[in-house]
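Peer 1: Pasting a structure below so you can have a look.
What follows is calculated from the coordinates using simple rules that are stated; it is not laboratory data. Small disclaimer: the values here were computed from a predicted structure and weren't measured. Here the Cβ is made from the backbone with ideal geometry for all residues, glycine too, and neighbour counts use every protein chain on show.
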Amino acid sequence: MDIQEVARQAKAAAIGMAALDGTVKNNALKAIVEALAAHRHAIVAANQEDVDQAEKEGLAAPLLKRLRFGEDKIKEACTGLESLIQLEDPVGVTLSALELDEGLELYKVSRPIGVIGVIFESRPDALVQISSLCLKSGNAVLLKGGSEAARTNRILADTIGEATAEAGLPAGWLGLLETRADVTDMLALDDFIDLIIPRGSNAFVRHIMDNTHIPVLGHADGICHVYIDREADLQQAIRITVDSKCQYVAVCNAAETILVHEAVAEQVLPALQKALTAKNVEIRGCDTTRRIIDVKAANEADWATEYLDLIVSVRVVPSLNAGVEHINRYGSGHTDVIVTRDRQRAVWFMDHVDSADVFWNASSRFSDGYRFGLGAEVGISTNKIHARGPMGMEGLLIYQWRLMGDGHIVADYAGDHPKPFTHRKLKKRFNR
């Protein structure tokens with residue numbers, strides 16, 4: 001089946017998806033959990049074939065780590081699905097209600113976007129997360145994963161598709177694209193696709209934006225920072241920094257640069273070096289850092305690099321303001337952390353850092369849809385419109401205006417003696 005036909009089926013399915021009852025969607029999610037468990041051995045076997053092929057082709061270690069989808073990952077995916085089931089149905093929620101006049105009521109109601117096209121990297125668990133979020137939010141979805149995960153993505157898509165068909169979802173609500181040519185063709189399908197979400201490098205996201213008329217919600221690099229303030233609790237700073245960098249290095253919310261206020265650099269850097277070295281992290285430092293500890297020299301490119309590996313750059317800064325200026329210059333607008341005991345300085349940091357997520361005394365690794373209670377995430381949006389930060393179901397929704405009248409016409413509210421509008425807020429929901 002060619003991509004245009006896949007997209008056409010998704011467009012038709014999206015109409016039915018938008019009208020599904022919440023119970024039907026939850027039953028479909030439960031069916032996916034059961035199907036993943038039932039087919040886990042076949043899924044693991046397919047994934048091992050992908051891993052073996054990737055190792056032969058010399059896939060980079062961080063990407064190889066993302067590619068693995070063993071039984072532990074399947075359990076994690078099922079836990080995320082079960083969490084998603086517990087969330088309220090996001091579709092049909094009354095966002096506002098206004099009486100325009102007696103018997104004339106205007107409702108703003110949440111609705112699905114329609115057909116979402118998602119291009120993602122070599123993480124098969126992303127396919128499960130993205131498809132389940134689209135399901136719960138009433139959207140159809142076209143998925144294009146990395147070629148290195150082709151076997152895993154295929155069996156996951158087939159498993160999910162079969163399980164949800166038996167649960168009553170419209171045929172074709174989930175489509176899998178499998179070649180680079182499919183991506184190129186997808187960019188021309190603005191009659192069928194309502195939103196594209198590319199997950200990858202800034203260059204890749206820019207390429208997508210420059211070659212389509214479809215709205216694009218970019219998920220670009222994760223150049224995240226931990227800033228250790230002059231008022232930081234030093235033990236806390238070390239724990240947060242190590243977790244931000246090392247808890248899982250191959251993800252976009254792992255810290256890539258550590259900024260240290262010069263007033264505490266002599267105390268912090270030796271302890272930080274010891275802690276990071278114990279985790280096999282290579283440190284690249286500025287000149288001031290290298291006068292305090294023996295590490296490799298950082299260059300200009302390091303400040304703008306997403307390593308996704310056991311490498312971190314360290315810079316000593318003269319002030320809180322200088323730290324914020326560094327983040328706003330080199331960061332990707334993803335997630336940035338301040339460690340300090342001073343609330344006023346923390347709030348100033350949050351007010352002035354231009355990022356989707358800003359944390360005070362907490363690891364950057366908390367920037368995650370599941371940890372935010374969103375069930376899962378399509379990705380982390382660094383955009384400033386529609387959705388920002390971990391993008392759960394809310395980012396896959398738009399709204400619809402619904403006006404309920406009783407023979408009302410505009411002519412009565414125009415002319416020489418127009419009726420006045422009441423414009424009175426209502427404390428009621430739209431009822432089907």
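Peer 1: For a label point 7 Å from the Cα of E262 along Cα→C-beta, name the residues of the range 292-316 whose backbone N is under 13 Å from it.
Peer 2: So the set is 316.
Peer 1: Quick check: the distance between the Cα centres of the range 307-362 and the range 375-428, to the nearest angstrom?
Peer 2: Each part reduced to its Cα centre gives a spacing of 35 Å.
Peer 1: Under 30 Å between C-alpha atoms is the cut-off here; go through the range 27-113 and count lysine pairs that meet it, provided they're at least eight residues apart or on different chains.
Peer 2: Pairs that pass both the separation and distance tests number 8.
Peer 1: What lysines does K296 reach when the alpha-carbon gap must be under 23 Å and sequence neighbours fewer than 8 apart in one chain are set aside?
Peer 2: K245, K274, K279
Peer 1: On a 0 to 90° scale, report how tilted helix 22-38 is relative to the longest principal axis of the chain, with both axes built from alpha carbons and the result rounded to the nearest 10.
Peer 2: Its long axis makes an angle of about 50 degrees.
Peer 1: Which ordering of W348, W173 is given by a fewest-first count of other beta-carbon atoms within 10 Å?
Peer 2: Final ranking by Cβ density, sparse to dense: W348, W173.
Peer 1: Multiply the residue gap between A414 and D210 by 0.36 nm, knock off their C-alpha separation, and tell me the result in nm, one decimal place.
Peer 2: Working: separation 204, 0.36 × 204 = 73.44 nm, distance 4.51 nm.
Full-extension gain reported as 68.9 nm.
Peer 1: Same structure, new question: Based on Cβ point charges of +1 for Lys and Arg and -1 for Asp and Glu, what charge dipole magnitude is obtained for the chain about its Cα centre, in debye rounded to the nearest 20?
Peer 2: Numbers: 47 positive and 59 negative charges, 165 e Å.
Value, rounded to 20: 800 debye.
Peer 1: Within a Cβ distance under 11 Å of G92, other residues only, what is the Lys/Arg minus Asp/Glu net charge?
Peer 2: +1
Peer 1: Using +1 at the C-beta of Lys and Arg and -1 at the C-beta of Asp and Glu, which of A250, A275, I197 has the Cα lying farthest in the positive direction of the dipole of the range 170-314?
Peer 2: It is A275.
Peer 1: Given the convex hull over the Cα atoms of the range 224-366, what projected area results after averaging over all orientations, in nm²?
Peer 2: 6.9 nm²
Peer 1: Using R₀ = 60 Å, calculate the FRET efficiency as 1/(1 + (r/R₀)^6) where r is the Cβ-Cβ separation of A275 and K428; round to 0.05.
Peer 2: 0.60
Peer 1: Taking the Cβ of each residue in S244, S381 as the centre, tally the other Cβ atoms inside 10 Å and list the residues starting with the fewest. Write down the numbers at each step before the final one.
Peer 2: Working: S244 27, S381 23.
In increasing order of surrounding Cβ atoms, one gets S381, S244.
Peer 1: If you don't mind, there's one more thing I want to ask. With unit charges on the beta carbon (Lys/Arg positive, Asp/Glu negative), name the residue among A37, L81, L135 whose Cα is farthest towards the positive pole of the charge dipole of the range 27-137.
Peer 2: A37
Peer 1: Run the numbers for A37 and I385: contour at 0.36 nm per residue of separation, minus the present Cα-Cα distance, in nm.
Peer 2: Values: separation 348, 0.36 × 348 = 125.28 nm, distance 3.78 nm.
Once the chain is fully extended between A37 and I385, it gains 121.5 nm.
Peer 1: To continue, here is another question. What net charge is computed for the residues neighbouring S364, neighbours being all others with C-beta under 9 Å from the C-beta of S364, Lys and Arg scored +1, Asp and Glu -1?
Peer 2: Values: positive: K245, R365; negative: D243, D336, D357.
Surrounding charge for S364 is -1.
Peer 1: Add -39500 (n - 2.57) for each DSSP H run of 4 or more in the chain, then divide by its residues: what number comes out at 222 nm, to the nearest 500 deg cm²/dmol?
Peer 2: Helix-only estimate at 222 nm: -12500 deg cm²/dmol.
Peer 1: Applying 1/(1 + (r/R0)^6) with R0 = 45 Å to the Cβ-Cβ distance of D287 and D21, what FRET efficiency is obtained, to the nearest 0.05? Don't jump to the answer; show the numbers that get you there.
Peer 2: Numbers: r = 63 Å, r/R0 = 1.40.
E between D287 and D21, to the nearest 0.05, is 0.10.
Peer 1: Now for a different question. Give the range of the longest stretch in the chain that excludes all GluC sites (Glu not before Pro) found in loop regions by DSSP and having at most 10 other beta-carbon atoms within 10 Å.
Peer 2: Maximal segment without exposed cleavage sites: 89-432.
Peer 1: What size of dipole, in debye to the nearest 20, comes out for the range 224-366 about its Cα centre when the only charges are +1 on Lys and Arg C-beta atoms and -1 on Asp and Glu C-beta atoms?
Peer 2: With Lys and Arg at +1 and Asp and Glu at -1, about 360 debye.
Peer 1: Something else: Report, as a whole number in µm² per second, the diffusion coefficient that Stokes-Einstein gives for the chain at 37 °C and 0.692 mPa s using the Kirkwood radius over alpha carbon pairs.
Peer 2: Diffusion coefficient, whole number: 139 µm²/s.
Peer 1: Still on this structure, please answer the following. Report the net charge of residues surrounding T422, where surrounding means a beta-carbon distance below 13 angstrom and charges are Lys +1, Arg +1, Asp -1, Glu -1. Walk me through the intermediate numbers first.
Peer 2: Numbers: positive: K419, R424, K425; negative: E99, D101, E102, E105.
Local net charge: -1.
Peer 1: When F69, F204 are ordered from fewest to most other Cβ atoms inside 10 Å of their Cβ, what list results? Provide the component values of the computation, followed by the final result.
Peer 2: Working: F69 28, F204 17.
So the residues, fewest neighbours to most, are F204, F69.
Peer 1: Using only the Cα atoms of the range 1-131, what do you get for the radius of gyration and for Dmax, in Å?
Peer 2: Just the Cα atoms of the range 1-131 yield Rg and Dmax of 19.9, 72 Å.
Peer 1: Along Cα→Cβ, 7 Å out, is where each label goes; now give me the distance between the ones at D72 and W401 in nm to one decimal.
Peer 2: Inter-label distance under the simple model: 5.2 nm.
Peer 1: What is the extension gain from L98 to D342, computed as 0.36 nm multiplied by their sequence separation minus the C-alpha to C-alpha distance, in nm to one decimal?
Peer 2: Working: separation 244, 0.36 × 244 = 87.84 nm, distance 4.34 nm.
Gain on stretching L98 to D342: 83.5 nm.
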